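Below you'll find the structure, written out as structure tokens, and then a few comments.
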């Protein structure tokens, strides 16, 4: 049989049909498109400057993979330029191997650069009915509800047309701060308690007050309004120090004292332009209304995050200031408004209230989700600025939301695989449910960096 083979003929010498040659060349097209896609993805990665900067250390670990991608690209370019030897390996194997190396290398880069996770947390929430009377103290002991006082003041004016002149007799007024440096026990001072300046001028408080006891070496203090014992400009005394004559001969005399907070002014005796009583009353009511609105808005601006201020947890006092006259026949009515607002620490208030109304509450960190859903009603004589304690009632339905620490949760989830997530979350009983998303989708564990784990609260 061997003798019938034509001389000089070999399978290696049989020419490849043109149709087959074209088919092999056509195989290059999808490979070329694959590399074009790799090019586009590579350029996209280069545009992600922020991510690349943060992850430069991770990219360095993958230098070998990047180099493989570069080699594959070089082989591709060499082939296109005819630099591959005539007797090189099968073209299809070269293209497929290079493309696969590139894709694998790119996948590794993407997996490293974009590795992250997000956790949407649904915290534990309990609804409870609130109702009852409560007391809060400025100096609260453990287990008691504490409050702080925020005080602001503003002056308002209104111009009223004068109707004539008459003899006016007015006593000077002003605000003072009363100090208790005697002992830790509070001291009640009745209405009209006298206060005396070094010159012997006598002023009396307009309302009874309770001066808190001192704390350590810090005297207890409270504000009050005083009015001169007599009318006239003589008592317009500016800022003064005061003693309490009623304590003379008593050890308390040297330890209870007062100092002006505002000048003592407004005293007058003589003829002055006057306005009708009805006009005066209307002007004063207008001033009070405007001052109250403004003061409440200003207090709200002062409330720091994590603090609670209820709609009615305040008192406002008004003091008439000396009237002024214009060049014409007008009188300027002036008043000062002082607001004293009771403010609570949100977490402390929530924990205290939960202890009162939530069955089985164990002292966990909680927060009332919408504090304004609770109605705050002050009791009579509610004066946060002048009292060591305040009384009020609460009513409504409160939603108590358990608080979790995001930093602790992130640290616990680092490097955790999908199978270990459940056991991790079991250590956070304040979390009712958590939805997990890890990217890229083929990664099976959380990143090793806590910065790549985003914690969000479910809406």
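The values are calculated or read from the model by the stated rules, or taken from the named source; none is laboratory data. All of these numbers come straight from a predicted model, not from anything done at the bench. No Cβ is skipped: glycine too gets one built from the backbone with ideal geometry, and neighbour counts run over all protein chains shown.
Just a few scattered comments:
- Test: residue in the range 228-240 that is part of a strand (DSSP E or B), at pLDDT below 95 and within 44 Å of the chain's Cα centre (by Cα): yes
- Of the set (1) surrounded by 14 or more Cβ atoms within 10 Å (Cβ to Cβ); (2) in contact with a helix residue (DSSP H, G or I) (Cβ under 9 Å, 6 or more places away or on another chain); (3) without any contact (Cβ under 8 Å) to a residue 60 or more places away in the chain, all apply to residue 343 but (3).
- Qualifying residue in the range 247-256 (condition: without any contact (Cβ under 8 Å) to a residue 24 or more places away in the chain, buried (at least 17 other Cβ atoms within 10 Å of the Cβ) and over 20 Å from residue 319 (Cα atoms)): yes
- Residues in the range 388-413 that are under 16 Å from residue 120 (Cα atoms) and surrounded by 13 or more Cβ atoms within 10 Å (Cβ to Cβ): 401, 402, 403, 404, 405, 406, 409, 410, 412, 413.
- Which listed residue is more than 30 Å from residue 225 (Cα to Cα), assigned to a strand (DSSP E or B) and either in contact (Cβ under 8 Å) with a residue 12 or more places away in the chain or in contact with a strand residue (DSSP E or B) (Cβ under 7 Å, 6 or more places away or on another chain) (or both), from 407, 397: 397
- Among the residues listed as 230, 196, 223, the single one being touching a helix residue (DSSP H, G or I) at 6+ places or on another chain (Cβ under 6 Å), surrounded by 13 or more Cβ atoms within 10 Å (Cβ to Cβ) and touching a residue at least 24 places away in the same chain (Cβ under 8 Å): 196
- Residue satisfying condition, being in contact with a strand residue (DSSP E or B) (Cβ under 6 Å, 6 or more places away or on another chain), in the same structural domain as residue 240 (by TED's automatic domain parsing) and closer than 28 Å to residue 271 by Cα, within set 179, 203: 203
- Hits in the range 199-220 - residues which are more than 41 Å from the chain's Cα centre (by Cα) and surrounded by fewer than 19 Cβ atoms within 10 Å (Cβ to Cβ): 199, 200, 201, 202, 204
- No other residue among 328, 270 is in a loop (DSSP other than H, G, I, E, B) and surrounded by fewer than 15 Cβ atoms within 10 Å (Cβ to Cβ) apart from 328.
- Taken over the range 374-387, the criterion of being modelled with pLDDT of 90 or more and either in a strand (DSSP E or B) or surrounded by fewer than 17 Cβ atoms within 10 Å (Cβ to Cβ) (or both) is satisfied by 374, 375, 376, 377, 378, 379.
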